[in-house]
1. Against the definition (surrounded by 24 or more Cβ atoms within 10 Å (Cβ to Cβ) and either touching a Pro at 6+ places or on another chain (Cβ under 9 Å) or among the hydroxyl-bearing types (Ser, Thr, Tyr) (or both)), how does Thr39 come out, yes or no?
2. Within the stretch 210-220, can one find any residue that is within 28 Å of Ile30 (Cα to Cα), within 21 Å of the chain's Cα centre (by Cα) and either modelled with pLDDT of 85 or more or in a helix (DSSP H, G or I) (or both)?
3. Please go through the stretch 184-203 and pick out each residue that is in contact with a helix residue (DSSP H, G or I) (Cβ under 9 Å, 6 or more places away or on another chain) and assigned to a helix (DSSP H, G or I).
4. Might you check whether a residue that is buried (at least 23 other Cβ atoms within 10 Å of the Cβ) and of a type in the set (Val, Ile, Thr) occurs anywhere in the stretch 75-84?
5. Which condition does Ser56 not pass, out of (1) of a type outside the set (A, V, I, L, M, F, W, C); (2) closer than 18 Å to Leu95 by Cα; (3) touching a strand residue (DSSP E or B) at 6+ places or on another chain (Cβ under 6 Å), if it passes all the others?
6. So which residues in the stretch 9-48 are under 15 Å from the mean Cα position of the chain (by Cα) and over 15 Å from Ile163 (Cβ atoms), if there are any at all?
7. On the basis of being under 15 Å from the mean Cα position of the chain (by Cα) and under 27 Å from Val57 (Cα atoms), does Leu95 make the cut?
8. Would you mind stating whether Leu77 is modelled with pLDDT under 95 and not aromatic (Phe, Trp, Tyr)?
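The values are calculated or read from the model by the stated rules, or taken from the named source; none is laboratory data. None of the values given here were measured: they were computed from a predicted structure. Positions of Cβ are backbone-derived with ideal geometry, glycine not excepted, and every protein chain shown enters the neighbour counts.
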Amino acid sequence: MKNNILLRILLILAIYLGLKYFGGEYGRIILYPFTLLVTFLHEFGHALGALITGGSVEGITINPNGSGLTTSRGGSLSVILMGGYLGSAILGNLLFYIGARKPKWSGITLNIMAVLMIITGLYWFDTLYTTLFLGLFAIALFFIANKTNFDREVLMFMGLASILYIIQDFNVGPSSDLQKYAEIFVVVPVSVWMYLWLAIAVILFIWNIRMIFRGGIHDEGSIDDRALDDLA
């Protein structure tokens, strides 16, 4: 039921905020893989920006400190730069939406994420650390998707954690991208682009929440086939 979905969201939100602000060193350690997940989504967004504008990806790097780098050739630089922050916001919202609204797709989505990580780590190999992290994360996702019943909750946590991290880190995470973007559009300063990208990320999240609760939400186990068709 609708309240059930709301309870799940509030519980996941409480777990994330509890770990981040009250978990201390243990909370930081638990959230560390998700911090690197956000970096992966950010760099993957750059890669998608290059590919959809006719460019190619030379390599993707995820560093232990949470920073990252995507090396590309060709394509639209403005789209590539924007693809990091806004692309990761879109991907995070998509993961959260699927977990909340399409629970039957959760396991499939985790498997797809795992495959993308393996492809990224091998095909766009740049550093051993990047490949090892993506490989281990992919194995964890495969295990959760195929051997547990927590695929929905994990997907929602991944999506929500990514969204909140992106919004909280707006003035630090995309700083280099914003600087380069301001160099392309010299009339508009960095601070304007920073708040514009933040506004888009927040609007996406609000729109996503509205989509999740639009027309009422029901748990998968409590609806019939006709209702499933209506939701789709």
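1. Details: surrounded by 24 or more Cβ atoms within 10 Å (Cβ to Cβ): yes; either touching a Pro at 6+ places or on another chain (Cβ under 9 Å) or among the hydroxyl-bearing types (Ser, Thr, Tyr) (or both): yes.
It is true that Thr39 is surrounded by 24 or more Cβ atoms within 10 Å (Cβ to Cβ) and either touching a Pro at 6+ places or on another chain (Cβ under 9 Å) or among the hydroxyl-bearing types (Ser, Thr, Tyr) (or both).
2. From the stretch 210-220, those within 28 Å of Ile30 (Cα to Cα) are 212; that's our starting set.
Still in the running and within 21 Å of the chain's Cα centre (by Cα): 212.
When the remaining residues are screened for being either modelled with pLDDT of 85 or more or in a helix (DSSP H, G or I) (or both), the result is 212.
Scanning the stretch 210-220, I find at least one residue that is within 28 Å of Ile30 (Cα to Cα), within 21 Å of the chain's Cα centre (by Cα) and either modelled with pLDDT of 85 or more or in a helix (DSSP H, G or I) (or both), so the answer is yes.
3. Taking the stretch 184-203 and keeping what is in contact with a helix residue (DSSP H, G or I) (Cβ under 9 Å, 6 or more places away or on another chain), we get 184-185, 188-194, 197-198, 200-202.
Passing the criteria: Ile184, Val190, Ser191, Val192, Trp193, Met194, Trp197, Leu198, Ile200, Ala201, Val202.
4. yes
5. Evaluating Ser56 over (1) of a type outside the set (A, V, I, L, M, F, W, C); (2) closer than 18 Å to Leu95 by Cα; (3) touching a strand residue (DSSP E or B) at 6+ places or on another chain (Cβ under 6 Å) leaves (2) as the failure.
6. Initial filter on the stretch 9-48 (under 15 Å from the mean Cα position of the chain (by Cα)): 16, 31-48.
Selection gives Tyr32, Pro33, Leu36, Glu43, Phe44, His46, Ala47, Leu48.
7. Values: under 15 Å from the mean Cα position of the chain (by Cα): yes; under 27 Å from Val57 (Cα atoms): yes.
So Leu95 passes the test.
8. Details: modelled with pLDDT under 95: yes; not aromatic (Phe, Trp, Tyr): yes.
Yes: the conditions hold for Leu77.
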